[in-house]
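Written out below as structure tokens is the structure these notes cover.
The values are calculated or read from the model by the stated rules, or taken from the named source; none is laboratory data. Because the structure is predicted, anything quoted here is derived from the model rather than measured. Cβ sites come from the backbone with ideal geometry, for glycine too, and all protein chains shown count toward neighbours. Note: areas computed on protein heavy atoms with side chains; ligands, DNA, RNA excluded. Shrake-Rupley method; radii C 1.70, N 1.55, O 1.52, S 1.80 Å.
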Amino acid sequence: MVIIKRKELSFIEKLYLPQIFQALSHSFRAMFQPRITRQYPEEPLPTNEVTRGQPRLTLLEDGEHLACVSCGLCEAACPAYAITIDGHETERFIEREPERFEIDMLRCILCGFCEEACPKDAIFMSDELELADFSRAALVYDIDKLKRPREELQGRIDYFYQVNDRWRTPSSTS
Amino acid sequence: MTRITINGKEVEADPKKPLITACHEHAAQVPMYCYHPGLTPVGSCRICQVELQQGEIPPRIVVACRTPVAEGMVVNTETPQAHDARRQCLEFLLKNHPLDCPICDKAGECDLQDYSFSEGQAEGRSVEPRRKLEKRKNLGDVIVLDQERCILCSRCVRFFEDVTKKPQLTVSGLGSRSVISTFMDRPLTGNYQGNVADICPVGALTLSGFRFQARVWNLDKHLSTCGECSRGCSITVEVLRRKEVKRLRPHFNEEVNKWWMCDHGRFSYARLNAEDRLQGATLHQDGVPHPVDRETGIAAVVDMLRVHSGAYILISPWMTVEEGEQALAFCHALASPPRLLAPPTNDLKDDLLHTGEAAPNRRGLEGQGFQTQSRDDALSALAAAECAVLIGERITEILGVEALAELSNSIRLIIFDTHALQVSATNVCIGIPNAAERTGTWINVDGHAGRIAAAKPAPPGVASLTRSLEEIRAALAPVAGEVGS
């Protein structure tokens, strides 16, 4: 057993007044320093291409069809089981496209595995981070909510290729 | 038996079988594309190359599928020379194979993917463009051919030659322009076309009904038995998201169906996925259906059977042996003879698998003591009966909905089926699970037992037939006791 003796306070310390003035001086000094907090909903967070926000699907140049061929690799890679894909046949050259592509944003942990797994440059992490609604069902995003023109995600796509070039080998895909 | 050495281990091998079988039996992984245990080996793909030493001859590379087993062979599957031979062979096979894997339905169960991973090299060295051929060629209604993906192993060609004995496919063209085609571009015919999609080692031949429907790694596979004829082929039921049966595939069974199954059975999954299933029970009173829960339905059945004790009981040949046991006890409790409805026959009978008798368990139920009754006999007996109990999947379908509707309005019908039946007579329908939703045993026409497995959950409010019959029997028992005392 160890007996710890409390330190005896001196008379000045027992008054507490010096400490009060010390704290007040800290507060008054902070009033005239630049602000480091942010008025969040009005002032949005600055993002850049490194930001891993919610995943989004890219559209092809025609602006109509998704680049996705519903291969299911993002679905298989997703550690949170957030993605559900049903494919169907299409008359286009690519033969297969998603009929249903849903990401449960409440499950999504923004890890970016889907973007790494995708062989078709069809899914990328956007800079969109905000997520709020009145029902859970509304936060299961379907194709209409997920699709974005490629230009909107271009910054992230360029960054993704830049950081991943060291392990990507030049592929002979046609 | 012959003694040979595989990878330094002395083993016994069957001299009637090719060397590749001995390798596989003794855990030496030799890849194969053109070789299939059910077909004549041709040695066209060369992927099964192994190193063989025989007597004084120095080691050489041979294809294991075309080499018969001989005394004193020394086989090595893992030497650098054997690996190198297989790697080079794979490089040539992949020379013209498109990188379609994200789109291809075979991805995940593709031999070319698996062996590229284990034996092949990461990058191709070819700079020439790949050949461009037809990507979507319909060979009949069932099979779609992708000529670019084909590696010309000719398994499909040999399937029609060796198994159905009616050659329909051939390799046409020369050299790099060789493609699989039908004779004179006629569509494929016959009841066994679907098998070529199973045996295709790559994604060249696909089923038109399964194309782009699901990724194979998302399918839960359950070993089960096909119920479309009395052959009872062993199959796997493959279910997507515990909800929808996406395909049925044959499962190897030496005694019954080997590696094959017919298209009639293969495409019977639409019935297993039927949407308009009976949930709980339905009471028909004066022709008006009232959906109720199962317990209310069971109570109504008990009330009906208390009044009409000598009910006419007829069971369907789709019932399992286990359900038959319970139905037999039910018949004894009601003191009525156990009767089995004779299965309908169809004109699909052939020499290979299909028996032409559309019922999986007639033999098993007859062995349990059920008396088979033809449809006409059953209908005339029903016309005379006051109360009848029809038990089992598809029983109303075999009897015919129109024929049942013609019965007099005074008959009380108790039906255990997967679907509700609309007839004018007062009746009770109680929902039961279908063949993909229950477990049990079917005895096929040759006496082989086949297990059926619950691959997906039954619709809400549906309990097993065994349980429903047992509950009714238990509720009736005290009454029978009072009468006895």
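For this structure, a couple of remarks:
- Among the residues of segment B:103-113, those identified as within 18 Å of residue B:144 (Cβ to Cβ) and either surrounded by fewer than 19 Cβ atoms within 10 Å (Cβ to Cβ) or touching a Cys at 6+ places or on another chain (Cβ under 8 Å) (or both) are B:103, B:104, B:106, B:107, B:109, B:110.
- Among the residues of this structure, residue B:178 counts as one that is surrounded by 13 or more Cβ atoms within 10 Å (Cβ to Cβ), hydroxyl-bearing (Ser, Thr, Tyr), touching a residue at least 12 places away in the same chain (Cβ under 8 Å) and more than 18 Å from residue A:95 (Cα to Cα).
- In segment B:139-149, the residue that is nearest to residue B:37 (Cα to Cα) out of those that are more than 14 Å from chain A (Cβ to nearest Cβ) and open to solvent by less than 20 Å² (accessible area, probe 1.4 Å) is B:143.
- Scanning segment B:23-40 for residues that are within 19 Å of residue B:85 (Cβ to Cβ) and modelled with pLDDT of 90 or more gives B:23, B:24, B:30, B:31, B:32, B:33, B:34, B:35.
- Lone qualifier among B:86, B:60, B:66, B:136 - being within 14 Å of chain A (Cβ to nearest Cβ) and among the basic types (Lys, Arg): B:136
- Residue B:129, sole failed condition from (1) modelled with pLDDT of 90 or more; (2) out of contact with any Gly (no Cβ under 9 Å at 6 or more places or on another chain): (1)
- Filter pass, residue A:81 being in contact with a strand residue (DSSP E or B) (Cβ under 9 Å, 6 or more places away or on another chain), buried (at least 16 other Cβ atoms within 10 Å of the Cβ) and over 30 Å from residue B:126 (Cα atoms): no
- Selection within segment A:92-110: residues that are within 12 Å of another protein chain (Cβ to nearest Cβ), open to solvent by 30 Å² or more (accessible area, probe 1.4 Å) and part of a loop (DSSP other than H, G, I, E, B). The member of this set that is farthest from residue B:99 (Cα to Cα) is A:92.
- Against the list (1) without any contact (Cβ under 8 Å) to a residue 40 or more places away in the chain; (2) within 14 Å of another protein chain (Cβ to nearest Cβ), the condition residue A:41 fails is (2).
- Yes/no for residue A:130 being closer than 27 Å to residue A:40 by Cβ and at pLDDT below 90: yes
- Test: residue in segment B:335-350 that is assigned to a helix (DSSP H, G or I), aliphatic (A, V, I, L, M) and touching a residue at least 12 places away in the same chain (Cβ under 8 Å): no
Condition check ((1) farther than 21 Å from residue B:117 by Cα; (2) open to solvent by less than 70 Å² (accessible area, probe 1.4 Å); (3) not aromatic (Phe, Trp, Tyr)) across all residues:
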residue	(1), (2), (3)
B:11	yes, yes, yes
B:18	yes, yes, yes
B:27	no, no, yes
B:43	yes, yes, yes
B:48	no, yes, yes
B:65	yes, yes, yes
B:72	yes, yes, yes
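- Residue among B:412, B:438, B:394 that is among the basic types (Lys, Arg), over 14 Å from residue B:278 (Cβ atoms), open to solvent by 10 Å² or more (accessible area, probe 1.4 Å) and under 22 Å from the mean Cα position of the chain (by Cα): B:438
- Among residues of segment A:14-38 that are open to solvent by less than 100 Å² (accessible area, probe 1.4 Å) and at pLDDT 90 or above, none has a Cβ under 7 angstrom from a residue that is among the basic types (Lys, Arg) and not in a helix (DSSP H, G or I) at a sequence gap of 6+ or on a separate chain.
- Scanning segment B:218-226 turns up at least one residue that is within 14 Å of chain A (Cβ to nearest Cβ) and either modelled with pLDDT of 95 or more or crowded, with 20+ Cβ neighbours inside 10 Å (or both).
- Count - residues of segment B:230-243 that are in contact (Cβ under 8 Å) with a residue 60 or more places away in the chain, open to solvent by 10 Å² or more (accessible area, probe 1.4 Å) and assigned to a strand (DSSP E or B): 1
- Tallying residues that are outside any strand (DSSP E or B) and aliphatic (A, V, I, L, M) within segment B:31-59 yields 4.
- Restricting attention to segment B:269-320, the residues that are farther than 23 Å from residue B:476 by Cα, of a type in the set (A, V, I, L, M) and either touching a residue at least 12 places away in the same chain (Cβ under 8 Å) or surrounded by 12 or more Cβ atoms within 10 Å (Cβ to Cβ) (or both) add up to 3.
- Within segment B:115-128, the set of residues being free of Cβ contacts under 8 Å to residues at least 40 places away in the same chain, closer than 17 Å to residue B:83 by Cα and either exposed (fewer than 14 other Cβ atoms within 10 Å of the Cβ) or more than 14 Å from every other protein chain (Cβ to nearest Cβ) (or both) comprises B:117, B:121, B:122, B:123.
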